[in-house]
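A short worksheet on the structure shown next.
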Amino acid sequence: MKTQLSFAVPAQIETELLAVLAVDTQTEKRPDAKPAPVLLTADPAVASAAAAVLSSGEYKAGANETLLLHAPAGLAAKRLLLVGLGKQAKATVHSVRNAAGTAVRFTKPRGIRELAFTLPETETKSLPPAGVARAAVEGAFVGDFDPDTYRSDRKDQSVQSFTLVAPAGADRAAVESAFAEGVVIGESQNFTRSLVNEPGNKLTPTIMGQRAAAMAKEVGLACEVHSTDKLHELKMGAFWGVSQGSEEPPALIVLRYEPTGVADGPKLNPTDKDPSAGAPVLGLVGKGITFDTGGISIKPGDNMEKMKYDMAGGAAMIGAMQAIAQLKPAVKVIGLVCAAENMPSGNAMKPGDVQIAMSGKSIEIINTDAEGRLVLADGLAYARQLGATHLIDAATLTGACVVALGMVNAGSFSNDEEAYQHFTAALEISGERFWRLPVEDDYREQIKSSIADIMNTGGSRWGGAITAAMFLKEFVEDTPWIHLDIAGVAWTEEQKPWMAKGPSGIAVRTITEWVRTYAK
Ligand code: BES
Ligand code: ZN
Ligand code: ZN
């Protein structure tokens, strides 16, 4: 999708389709109160083209409600599309993101390849021009993605040209840089989605490593992809235990981002001799199980095909690293993906086995299907060994998290209030939805083992998302850490007006933003 930014008057834009936002200004809560749709553009020609339909009562400007007008009088555009944001008081940057996705998804199946999307003209606190510009571009990319890559009758209906029309009076430099950021983030989120979409036979751990390496080369990141020998050398008994049952070798993917001149990084103590001393190093660790059969504790057949997306946490880290490489924050970042296939075989790990993790802790394996926490245990320990001072991990870790939070919010966990404050600040920009769950020591009882230091599943299934997080906590020790359980939201079962069903690319935007908060 080609994107460009324009400050032209909407009515004068020659395009196949001009999209304009509308809000419902009705504030009365009475059930018989009629919606009062109003366009968010001051262009009188657009207003008059839409006047009749707005006064007809047919269009209510509900969230993502669309209405198409052909040959609108007085406009250079061939079509005018109204896209609703819902109630005016509730309209935010995030509703604009979805509205842009909705406009793109409206356009795609109609064979229209060109779209101009008008940003709100009236500057309000909840709709700042730069914020909406960035969100709209991100939303356009999100809307443009379709997962049907393997259909031989696939018609690539991507929108070829997306023009963002910003108000002429806006701060141009701010809108231009927000627009450029939106392109980077939208493309990175879609890169993650394209990886998550791949079936297990097309994206083995080795191929995941190759895809990460190719991306790294393109954006100028350092990348190493290790396999079995390195796992043995690092004594990653937990990671290897998962991988040992598969014919496919594991991949330990390491991506490194260094800002130019680390001395530019924030200093805690400027008197230190080493100019970079005290500067944070952020470790991003992702679960990359390219297929999870459950191993010897094999999963039931129903829905097992979905377990190709068990690498979504790893893919999110790869996408975030792609964005970070281009946005160039002044902070060091290490991206780690522990990629493996969880398979049953004559070599597979068995319940009752004891694995020694890289940190030296012994783990009694109760259930081989609780494999994500095993690969992450070694990934987190390795990130610390490489110098990470702050950690974030993402994983499709537990079904219990889906039971707890459904498919709307993903789970978040943290052992550190300051790191979590950075995360909350990131959420405000990303618009992604995470709900914090506890990691309190009382839960640790559930993972005590009588024969080893710890066991890989709780003694009961209660609080399963939390006991999984407690397991990871053992391996981050005192490093500030955030854990994201994205099992319920990494794959969307139902299509939305702004997004196809399938891989969502969750966490890419928030992780990227979390990293950037350390460079400010
Ligand atoms: N990959 C699954 C978790 C999952 C479930 C992801 C649903 C996406 C959707 C994970 O490896 C797993 O199997 N977890 C087990 C843990 C249990 C054995 C303690 C689970 O959640 O059932
Ligand atoms: Zn599993
Ligand atoms: Zn899994």
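The values are calculated or read from the model by the stated rules, or taken from the named source; none is laboratory data. Computed from a predicted model, the values in this text were never measured in an experiment. Here the Cβ is made from the backbone with ideal geometry for all residues, glycine too, and neighbour counts use every protein chain on show. Just the protein is used for accessible areas: all its heavy atoms, side chains included, with ligands, DNA and RNA removed. Shrake-Rupley method; radii C 1.70, N 1.55, O 1.52, S 1.80 Å.
Residues of segment 468-483 include none that is in contact with a helix residue (DSSP H, G or I) (Cβ under 7 Å, 6 or more places away or on another chain), among the hydroxyl-bearing types (S, T, Y) and within 16 Å of ligand 3 (Cβ to nearest atom). A348 falls short on exactly one of the conditions (1) within 26 Å of G186 (Cβ to Cβ); (2) surrounded by fewer than 22 Cβ atoms within 10 Å (Cβ to Cβ); (3) of a type in the set (A, V, I, L, M, F, W, C); (4) touching a Gly at 6+ places or on another chain (Cβ under 6 Å), and that condition is (1). When E417 is tested against the conditions (1) on the phi < 0 side of the Ramachandran plot; (2) within 12 Å of ligand 1 (Cβ to nearest atom); (3) at pLDDT 95 or above, the lone failure is (2).
So, in segment 57-76, of the ones that are out of contact with any strand residue (DSSP E or B) (no Cβ under 7 Å at 6 or more places or on another chain) and open to solvent by less than 60 Å² (accessible area, probe 1.4 Å), which residue ends up farthest from V93 (Cα to Cα)?
It comes out as A76.
All conditions but one from (1) within 26 Å of K496 (Cβ to Cβ); (2) open to solvent by 10 Å² or more (accessible area, probe 1.4 Å) apply to G411; the one that does not is (2).
Has segment 371-390 got any residue that is assigned to a strand (DSSP E or B) and in contact with a strand residue (DSSP E or B) (Cβ under 8 Å, 6 or more places away or on another chain)?
Step one: of segment 371-390, the residues assigned to a strand (DSSP E or B) are 390.
This time we only want the ones that are in contact with a strand residue (DSSP E or B) (Cβ under 8 Å, 6 or more places away or on another chain), so: 390.
Looking for residues that are assigned to a strand (DSSP E or B) and in contact with a strand residue (DSSP E or B) (Cβ under 8 Å, 6 or more places away or on another chain), one finds at least one in segment 371-390, hence yes.
Just the residues that are closer than 20 Å to L252 by Cβ and either open to solvent by 40 Å² or more (accessible area, probe 1.4 Å) or away from ligand 1 (no atom under 16 Å from the Cβ) (or both), please, taken from segment 309-334.
Residues of segment 309-334 that are closer than 20 Å to L252 by Cβ, as a first pass: 310-322, 324-325, 332-334.
Across segment 309-334, the qualifying residues are M317, I318, G319, A320, M321, Q322, I324, A325, K332, V333, I334.
Please state which one of K125, K108 is in contact (Cβ under 8 Å) with a residue 40 or more places away in the chain, out of contact with any strand residue (DSSP E or B) (no Cβ under 7 Å at 6 or more places or on another chain) and either farther than 19 Å from D24 by Cβ or open to solvent by 20 Å² or more (accessible area, probe 1.4 Å) (or both). If you could, list the steps in order and put the result at the bottom.
Working: K125 fails: in contact (Cβ under 8 Å) with a residue 40 or more places away in the chain.
Every option except K108 fails the conditions.
I need the full set of residues from segment 116-144 which are basic (K, R) and part of a loop (DSSP other than H, G, I, E, B), in order please. The one that is basic (K, R) and part of a loop (DSSP other than H, G, I, E, B): K125.
With G283, G301, G288, G295 as the choices, which residue is buried (at least 24 other Cβ atoms within 10 Å of the Cβ), modelled with pLDDT of 95 or more and assigned to a loop (DSSP other than H, G, I, E, B)? First the steps, then the outcome.
On the way: G283 fails: assigned to a loop (DSSP other than H, G, I, E, B); G301 fails: buried (at least 24 other Cβ atoms within 10 Å of the Cβ); G288 fails: assigned to a loop (DSSP other than H, G, I, E, B).
After ruling out the rest, the residue left standing is G295.
Put simply, of A426, A469, A487, A419 the only residue that is within 16 Å of G313 (Cα to Cα), open to solvent by less than 20 Å² (accessible area, probe 1.4 Å) and outside any loop (DSSP other than H, G, I, E, B) is A469.
On the basis of being within 15 Å of ligand 3 (Cβ to nearest atom) and touching a Leu at 6+ places or on another chain (Cβ under 8 Å), does A394 make the cut? Break it down stepwise before answering.
Numbers: within 15 Å of ligand 3 (Cβ to nearest atom): yes; touching a Leu at 6+ places or on another chain (Cβ under 8 Å): yes.
Yes.
Out of A394, A340, which single residue is open to solvent by less than 40 Å² (accessible area, probe 1.4 Å), within 13 Å of ligand 1 (Cβ to nearest atom), in contact (Cβ under 8 Å) with a residue 12 or more places away in the chain and in contact with a Ser or Thr (Cβ under 8 Å, 6 or more places away or on another chain)? Criteria check complete, one pass: A340. Scan segment 177-196 for residues that are open to solvent by less than 30 Å² (accessible area, probe 1.4 Å) and under 14 Å from the mean Cα position of the chain (by Cα) and report the count. Looking only at that region, the number is 11.
Which of the residues spanning segment 352-377 are closer than 15 Å to W481 by Cβ and either charged (D, E, K, R) or surrounded by fewer than 24 Cβ atoms within 10 Å (Cβ to Cβ) (or both)? Give the derivation first.
At the first step, the residues of segment 352-377 found to be closer than 15 Å to W481 by Cβ are 359, 373, 376-377.
Correct list: S359, R373.
Which number in (1) away from ligand 1 (no atom under 13 Å from the Cβ); (2) open to solvent by less than 20 Å² (accessible area, probe 1.4 Å); (3) within 20 Å of T396 (Cβ to Cβ); (4) not β-branched (V, I, T) marks the one condition that E513 misses? It fails just one condition, (3).
Give me the residue from segment 435-449 that is touching a strand residue (DSSP E or B) at 6+ places or on another chain (Cβ under 8 Å) and open to solvent by 100 Å² or more (accessible area, probe 1.4 Å) and, out of that set, nearest to E417 (Cα to Cα). Filtering segment 435-449 for residues that are touching a strand residue (DSSP E or B) at 6+ places or on another chain (Cβ under 8 Å) and open to solvent by 100 Å² or more (accessible area, probe 1.4 Å), the one nearest to E417 (Cα to Cα) comes out as W435. Contact annotation: residue pairs with Cβ atoms under 6 Å, 6 or more positions apart or on different chains, pairing a residue in segment 210-224 that is surrounded by 15 or more Cβ atoms within 10 Å (Cβ to Cβ) with a partner that is in a helix (DSSP H, G or I) and small (G, A, S), are V219/A325; L221/A325; C223/A213; C223/A216. For segment 239-246, the criterion of being under 30 Å from Q4 (Cβ atoms) and out of contact with any Cys (no Cβ under 9 Å at 6 or more places or on another chain) is met by no residue. Consider segment 290-346 and keep the residues that are within 12 Å of ligand 2 (Cβ to nearest atom) and of a type in the set (G, A, S). The one that is farthest from A213 (Cα to Cα) is S297.
For every residue, the table says whether it meets (1) within 20 Å of Q326 (Cβ to Cβ); (2) touching a helix residue (DSSP H, G or I) at 6+ places or on another chain (Cβ under 6 Å); (3) of a type in the set (D, E, K, R).
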position	(1), (2), (3)
E121	no, no, yes
P128	no, no, no
D156	no, no, yes
V175	yes, yes, no
N190	yes, yes, no
S194	yes, no, no
